[in-house]
1. Which residue out of LEU456, LEU508 is closer than 29 Å to LEU379 by Cα and aliphatic (A, V, I, L, M)?
2. Out of all the residues in the stretch 352-371, which are open to solvent by 20 Å² or more (accessible area, probe 1.4 Å) and assigned to a helix (DSSP H, G or I)?
3. Scan the stretch 106-154 for residues that are among the aromatic types (Phe, Trp, Tyr), open to solvent by 40 Å² or more (accessible area, probe 1.4 Å) and outside any loop (DSSP other than H, G, I, E, B) and jot them down.
4. Could you please let me know if LEU379 is out of contact with any Lys or Arg (no Cβ under 6 Å at 6 or more places or on another chain), aliphatic (A, V, I, L, M) and either open to solvent by less than 10 Å² (accessible area, probe 1.4 Å) or part of a helix (DSSP H, G or I) (or both)?
5. Any idea how many residues of the stretch 56-94 are touching a residue at least 40 places away in the same chain (Cβ under 8 Å) and more than 30 Å from LEU9 (Cα to Cα)?
6. May I ask you to verify whether PHE157 is of a type outside the set (Ser, Thr, Tyr), part of a helix (DSSP H, G or I), open to solvent by 20 Å² or more (accessible area, probe 1.4 Å) and modelled with pLDDT of 75 or more?
7. Go through (1) more than 20 Å from LEU175 (Cβ to Cβ); (2) modelled with pLDDT under 80; (3) part of a helix (DSSP H, G or I) and name the single condition ILE332 misses.
Amino acid sequence: MNREQFKNLLAVNLRLLNPQVTDRLRRKGKIGAELTNKLKMQFLLNGLIFFLVYGTVMLPINLAEYPNMFTYYVVLFVLLAISQSISGIYSVFFAGKDLNNYLPLPFKQKEIFLSKVTVVALNVIPFIFPLFIAFFSTAWHAGIMIPIALLLSLIVFCIILTIILFACAIIVFALTKTSIFRKHQKMVMNGLMVITLVIAMAGILLVNNSDYMAGKHQAISPIMLPLFKTFVEPTSIISLLNWIGLIIVLLILGFVLKHSILPHLSSQLTSINSQMLSNSGKRKHVDRKNLNAILDAYNRQVLKESNILLQVLVNSVALPLIFIISFAFTQIPSDLPLKWVGVFFVGGLAFSAFITNSTTVVANMISLDRGSLEFVNSLPISMKQYLKRKFILGYIFQIVINLALIIVMIIVWKLNLYLSLSMILSTIWGTYLISLYYFSQDYRLRITNWTNVTELFNRGGGNMAIVLKMLIVMILSVGIIILYSFLIGTGKPAIIVNGIVAFLIIVLSFIVVEHYRQKFWQKFE
């Protein structure tokens, strides 16, 4: 492999991975190798931030004495890595629009493949970085020196991530060779993601039901024992067998990729992309006289063509659902009195802020138009009406997802009627407020020449920013809910406390709605 060519490909993909950061650095005069180095430093800095954020939460836990908790973290984040990798590989390789730019250039198949897989890895790492922390925490608490524990954890983390990426690439590329995929591409990929999510949820439920925090030195699953021993007893026979097993699996997957995927990479990608363009050209003509109906039909078609629904399924559902199931086994009394209704209302608002992020439909509806937005702006159509139809469709799509997840929580927690209604109503209202923020952000950071939807999701900081925002929202929400619950549960007058909270929610909601009315919607009148 030509290292210079690979470095050039990687430099291009780094620029595409986070276009806002790239543009900001270019405005500061950074170009060429200096720009590439700055982008690399950005990822290293983000990695350090994640280590500090996750480390403060996970490092105090002695996973060496809680082997089943170690199992839980490994299963949780490996399953999350699989779902993220499948979706990312499909998006970067098959839903992208940049393949034709590579074909006339003297790049090898292996260079193109590795550069794109690296992009997928950079998107996956923020979501599964706690896996590295779990490895390091286990080794450190087992008495291994910190430098050795860091090196050991990093090597195992990279091997496992590479195995996951290679395995997912083989699965996706194998699927694309089937006749059913060529006829029903989106249906097959959506079906694969649903199966992945079901397996992920089933695995997490199984681990949760094992009472993994029941006690110290509890017996660990035989499947996880070799990996656990690698960090607790790195010189043991079981640890050696684990290293041999990981390396053999990695070599087998690498051999399959090298001889079955890479030789036919360009031809396969070209064939699939041509088929996608052919399928997208088939339209079913329907007469519509109402302008709103025409706009709605157009917006639905844009969603189909951009393959964003598959990405939303993974990014908007998989990670939050894992968090829900992870914490859903916290015991909440089902017979709480009416005075707690405000606490659950605030919980619903917090949930909406946690779920709705830059990977949702409503946060990308405008940029999905590509260059068509300027064309629409030249037509005798109210831009405000046009954008409102987009906002409504995106909001409806997101509220369906959020309500489905809320109902899962209600069923798991077995909440009574008034607490359930409180969470449902607050989710509807909270999703509306958060959607206003992300919809206006989409207009402010809109991109018309994106090659795949990953570029859209990475605006404003990328996956690093998404996870950090989720952590910040979680910490603030937990703090507020704990304080609110303390005031309600310690005999304070519930009417006064709930009244003050209701007043604050109304005032803040009015401020948010009025802000976006004046600063966003009025621009189009």
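The values are calculated or read from the model by the stated rules, or taken from the named source; none is laboratory data. These numbers were taken from a predicted model, which means no experiment stands behind them. Methodologically, a virtual Cβ is constructed for each residue, glycine included, from the backbone with ideal geometry; neighbour enumeration extends over all protein chains shown. Ligands, DNA and RNA are excluded from the accessible area calculation, which covers all protein heavy atoms including side chains. Shrake-Rupley method; radii C 1.70, N 1.55, O 1.52, S 1.80 Å.
1. That would be LEU456, the only listed residue that is closer than 29 Å to LEU379 by Cα and aliphatic (A, V, I, L, M).
2. ALA353, PHE354 - these are the residues of the stretch 352-371 that are open to solvent by 20 Å² or more (accessible area, probe 1.4 Å) and assigned to a helix (DSSP H, G or I).
3. Step one: list which residues in the stretch 106-154 are among the aromatic types (Phe, Trp, Tyr), which gives 107, 113, 127, 129, 132, 135-136, 140.
Pick out the ones that are also open to solvent by 40 Å² or more (accessible area, probe 1.4 Å) and you get 107, 140.
Hit for the stretch 106-154 is TRP140, nothing else.
4. Numbers: out of contact with any Lys or Arg (no Cβ under 6 Å at 6 or more places or on another chain): yes; aliphatic (A, V, I, L, M): yes; either open to solvent by less than 10 Å² (accessible area, probe 1.4 Å) or part of a helix (DSSP H, G or I) (or both): no.
For LEU379, the condition - out of contact with any Lys or Arg (no Cβ under 6 Å at 6 or more places or on another chain), aliphatic (A, V, I, L, M) and either open to solvent by less than 10 Å² (accessible area, probe 1.4 Å) or part of a helix (DSSP H, G or I) (or both) - is not met.
5. Step one: filter the stretch 56-94 for residues touching a residue at least 40 places away in the same chain (Cβ under 8 Å), giving 58-59, 61-94.
Going one step further and asking which of them are more than 30 Å from LEU9 (Cα to Cα), we end up with 58-59, 61-76.
Summing the residues that are touching a residue at least 40 places away in the same chain (Cβ under 8 Å) and more than 30 Å from LEU9 (Cα to Cα) in the stretch 56-94 gives 18.
6. Details: of a type outside the set (Ser, Thr, Tyr): yes; part of a helix (DSSP H, G or I): yes; open to solvent by 20 Å² or more (accessible area, probe 1.4 Å): no; modelled with pLDDT of 75 or more: yes.
Spelling it out, it is not the case that PHE157 is of a type outside the set (Ser, Thr, Tyr), part of a helix (DSSP H, G or I), open to solvent by 20 Å² or more (accessible area, probe 1.4 Å) and modelled with pLDDT of 75 or more.
7. (3)
Yes or no, residue by residue, for (1) within 30 Å of GLU233 (Cα to Cα); (2) at pLDDT below 75; (3) among the β-branched types (Val, Ile, Thr):
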position	(1), (2), (3)
ARG3	no, yes, no
LEU17	no, yes, no
ASP23	no, yes, no
LYS28	no, no, no
LEU35	no, no, no
ASN46	no, yes, no
VAL53	yes, yes, yes
PHE70	yes, no, no
GLN84	no, no, no
